[in-house]
Structures are given as C-alpha cells and as structure tokens.
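Below is one structure, written out as structure tokens, with a few remarks after it.
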Amino acid sequence: EFRGKTYCEGLSDGPPVCEQPVLERGQKVVGRLLARGPGDQLLKERVEMAAMVLGTAADCEAMRRELVEEISRTQNILDLAVDAILTIDELGIIQSANLATEKLFGYSVEELIGQNVKVLMPHPYRSEHDAYLRRYRETGQARIIGVGRQVTARRKDGSLFPAHLAVSELVLGETRQFTGFVRDISDVVELRIEIHRRETEYAQREEEVRTTVMQ
C-alpha cells in the first residue's frame, strides 16, 4: 500500500509474516509493505529494502512538491510587486518576468521568456548590450550592477519612457543570473521638467523686476 493505492502480486490467504512501514522523511507513514505466506530472514531483508526505496521516492516527491509550492509563492510575491522584475542569464536571455512587466512593456510573460533583454531597449543601447555583458564576463567591470540609474526603456509598441533600473547579480556555481528591477519614472521626470520651467520663469520675472527697479 502506497499513497492510497494497493499493489498486489502473488497474494495468498495466509497471515502476513512480514510488515514494514514506508516512511516519508523518516517520520510520516505513507504506506506499508506486507509479505504473506512462508517467510524467512531473506524475505524480511528484501521487504525492508523495498520499504527504504519507496521511502526515498516519497522523500523526493515531498521535496518536489515543496519546491513547486515555494516557486508558486515566490511568483505570487513577484506578481504583487509594483515594479517590473526580470531575471536574465549571463547571455542576456530572459528567464522569468512578473505581471508588472507585462503592464509596463506591453509584452506577455510568455513572449518575453527566451528573448534577449535588449528588446526592451532603444538604440543605441540595444546594439551595445551584448558587448557590455561580454565585457563584464571577461573583465568583471560593471557599469550598472549594484547601482541604480535612469535609463530609457522601450515598449512593445515602440514608445519610449524614462525608467529607473537597478540590477543585482546572483552567482550559482559557475553560472551568473541577473535580476533587474524597472520602474516607470515618467511622472518624476515630468515633475522635474515642470520645476525647472517654473524656476526659469521665476528667474526671468525676477530679472524683469530688477531691471524695472533699476530704471
């Protein structure tokens, strides 16, 4: 008996001469092995070994289930984020993206995965990005990793917008993975422009007043 199912072979009517529980993580009973009929020490050892094998399978299944649940929880957290979050490999190929990325760039997650991240960049940055990653792999010199800065991003429809980009790096064995956090700062840039316009206007009026007073 394993995971609610019963498997029988050569079943006899005799009482069980050997019974061994199948344990998950060495604690939770998820099944049992029964041997009926004439038995000996060899049969007992075989039943114990089979129970260990099934226990290992149960452990692997539990780990896989926990991993799937953890990935699901992580993805749900990312999808609740306001900023667009993307992960790329060291060649610039997009590995994952959250829902905010769809809203910000107009691409679906399925469209983005497998593409080079430079599709989200206008020229000349698009043509320079591969060389930047190659130079970083060869020299370790980073221009933006660990330091956020303002960039120009490109939507699917070709429209451009100012964005704040922060990139972090994760080294897994001999491979690198990069995570980018992108935020639309169009409102901030417009506010800066408006403040500069008003400051300029104020300075002009101040100069006019000063000239009038001098006259």
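The values are calculated or read from the model by the stated rules, or taken from the named source; none is laboratory data. From a predicted model like this one, the values you see are computed outputs, not experimental measurements. No Cβ is skipped: glycine too gets one built from the backbone with ideal geometry, and neighbour counts run over all protein chains shown. Each accessible area value is taken on the protein alone, full model and side chains, heavy atoms only, with ligands, DNA and RNA left out. Shrake-Rupley method; radii C 1.70, N 1.55, O 1.52, S 1.80 Å.
Looking at (1) among the hydroxyl-bearing types (Ser, Thr, Tyr); (2) exposed (fewer than 13 other Cβ atoms within 10 Å of the Cβ); (3) at pLDDT below 90, can you tell me which one Ser159 breaks?
Result: Ser159 fails condition (3) only.
Only one residue in Thr152, Thr179 is in contact with a Ser or Thr (Cβ under 6 Å, 6 or more places away or on another chain) and part of a strand (DSSP E or B). Which one?
Only one candidate qualifies: Thr179.
Residue pairs, Cβ under 9 Å, 6 or more apart or interchain, first in the stretch 19-32 and among the polar types (S, T, N, Q), second open to solvent by 60 Å² or more (accessible area, probe 1.4 Å) and at pLDDT below 85. List them.
These pairs meet every condition: Gln20/Leu34; Gln20/Lys44.
What are the residues in the stretch 60-114 that are aromatic (Phe, Trp, Tyr) and in contact with a helix residue (DSSP H, G or I) (Cβ under 7 Å, 6 or more places away or on another chain), if any?
Filtering the stretch 60-114 for residues aromatic (Phe, Trp, Tyr) gives 105, 107.
Phe105 - this is the single residue of the stretch 60-114 that is aromatic (Phe, Trp, Tyr) and in contact with a helix residue (DSSP H, G or I) (Cβ under 7 Å, 6 or more places away or on another chain).
Evaluate the following for Ala84: is it out of contact with any Gly (no Cβ under 7 Å at 6 or more places or on another chain), at pLDDT 85 or above and under 30 Å from Ala163 (Cα atoms)? Before you say what the answer is, go through the steps one by one.
Numbers: out of contact with any Gly (no Cβ under 7 Å at 6 or more places or on another chain): yes; at pLDDT 85 or above: yes; under 30 Å from Ala163 (Cα atoms): yes.
Yes: the conditions hold for Ala84.
Which of (1) under 25 Å from Ala81 (Cα atoms); (2) without any contact (Cβ under 8 Å) to a residue 40 or more places away in the chain is the odd one out, the single condition Tyr132 does not satisfy?
(1)
Before we move on, is Leu133 under 17 Å from Thr179 (Cβ atoms) and either modelled with pLDDT of 85 or more or out of contact with any Leu (no Cβ under 9 Å at 6 or more places or on another chain) (or both)? Full working, then the answer.
Details: under 17 Å from Thr179 (Cβ atoms): yes; either modelled with pLDDT of 85 or more or out of contact with any Leu (no Cβ under 9 Å at 6 or more places or on another chain) (or both): no.
Against the criterion (under 17 Å from Thr179 (Cβ atoms) and either modelled with pLDDT of 85 or more or out of contact with any Leu (no Cβ under 9 Å at 6 or more places or on another chain) (or both)), Leu133 does not qualify.
In this structure, does Val167 turn out to be part of a helix (DSSP H, G or I), closer than 14 Å to Ala84 by Cβ and within 25 Å of the chain's Cα centre (by Cα)? I'd like the intermediate steps shown before the answer.
Values: part of a helix (DSSP H, G or I): no; closer than 14 Å to Ala84 by Cβ: yes; within 25 Å of the chain's Cα centre (by Cα): yes.
Taking the combined requirement at face value, the residue does not satisfy it.
Pull out all pairs, ordered by first then second residue, where Cβ-Cβ is under 6 Å, the residues are six or more apart or on different chains, the first lies in the stretch 193-215 and is closer than 30 Å to Pro162 by Cβ, and the second is assigned to a helix (DSSP H, G or I).
Here the result reads none, with nothing in the stretch 193-215 linked to a residue that is assigned to a helix (DSSP H, G or I).
So Thr152 passes all but one of these: (1) surrounded by 14 or more Cβ atoms within 10 Å (Cβ to Cβ); (2) modelled with pLDDT of 90 or more. Which condition number does it fail?
For Thr152, the exception is condition (1).
Out of everything in the stretch 75-120 that is touching a residue at least 40 places away in the same chain (Cβ under 8 Å) and polar (S, T, N, Q), what residue ends up being nearest to Ile145 (Cα to Cα)?
Only one residue fits best here, namely Thr87.
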